[in-house]
Amino acid sequence: MTQSTNDSIPMRLFVALDIDPEIRQRIERFEVGVREFAPDVRWISPESMHLTLKFIGEWPPQRLEELKRAVSGAHGQPTEITFSGTGFFPSPKSARVFWVGIQAGPELAALAAAIDAATSALGIESEQRAFTPHLTLARTGSGQPQRMLSDRSNAGFKRLQEKLGAMPVPTFGTMSPRGFSLYESKLSPKGAQYTKLHSFPL
């Protein structure tokens, strides 16, 4: 039997935590209030916001169930996650990404490590950097994150940085997740579109 076209096209996958609706709404209101200060960057739609635990990348559809079984073996402990403050990556001067800060106990990093170990057993590349949780609000460029270490000045976020400097540090709330999910990311001219494929309890 000939393999279907859909089965031969790799899926782009990642594992993430959903954001509580109340926190998402507060972040959306904040975003609406500051977007005019960075009109030329690509803002993330509120419904697409998530806290990434593991970026898997391309994965064959015919091995999806195998991946689900592996990820289901990653367990974590309940923890509180607070969303507050903002920042820029890789630095304020050469900002390419605008993000909301995340504060959490060691349980969150332990969950990310457990997922990383479960997926590396399938041949997925292990993380080489320490887990640093954040929530992306906007990017310059094509909409896909890039590792840019250059200190070249970038004006895309300049006015926004000036505005934030005159504002109190924003706080968006605290949540206690009960599980995490496997997502598919499909790229389009309007940005990435995310589809939840399966959820796993902590």
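Around GLU162, what is the net charge, scoring Lys/Arg as +1 and Asp/Glu as -1 over all other residues with Cβ under 14 Å from its Cβ?
+3
Label-point separation (nm) for LEU64 and SER91, each offset 7 Å from Cα along Cα-to-Cβ?
So the label points at LEU64 and SER91 sit 4.3 nm apart.
With the chain treated as a Gaussian network of Cα nodes joined by springs under 10 Å, which of GLY101, GLY85, GLY33 yields the largest mean-square fluctuation?
Of GLY101, GLY85, GLY33, the Gaussian network model singles out GLY33 as fluctuating most.
In whole percent, what relative contact order does the chain give with Cα contacts below 8 Å and a gap of six or more residues?
On the way: 344 pairs, mean separation 61.6, N = 202.
RCO, the chain: 30 percent.
Most fluctuating residue of ALA192, ALA166, ALA138 in a GNM of the chain with Cα springs under 10 Å: which is it?
ALA166
Just to confirm my numbers, what's the Cα centroid distance between the range 161-195 and the range 86-126 in Å?
Centre-to-centre (Cα) distance: 13 Å.
Report the local net charge at LYS196: Lys and Arg +1, Asp and Glu -1, summed over other residues whose C-beta lies under 13 Å from its C-beta. Kindly include the intermediate steps, with their values, before the conclusion.
On the way: positive: LYS68, LYS186; negative: ASP18, GLU47, GLU184.
Cβ neighbours under 13 Å give a net charge of -1.
Tell me, ARG24, ARG12, ARG129 in order of fewest to most beta-carbon neighbours within 10 Å?
Details: ARG24 20, ARG12 16, ARG129 5.
Ranking ARG24, ARG12, ARG129 by Cβ neighbours within 10 Å, fewest first, gives ARG129, ARG12, ARG24.
Considering only the other residues whose Cβ falls under 11 Å of the Cβ of ALA114, what net charge follows from Lys and Arg at +1 and Asp and Glu at -1?
Values: positive: LYS54; negative: GLU107, ASP116.
Cβ neighbours under 11 Å give a net charge of -1.
Values quoted throughout were computed directly from the atomic coordinates according to the rules given, and no laboratory measurement underlies them. Predicted model, so just to flag it, every value in this text is computed and none were measured. Note that each Cβ is placed from the backbone with ideal geometry, even for glycine, and that neighbours are counted across all protein chains shown.
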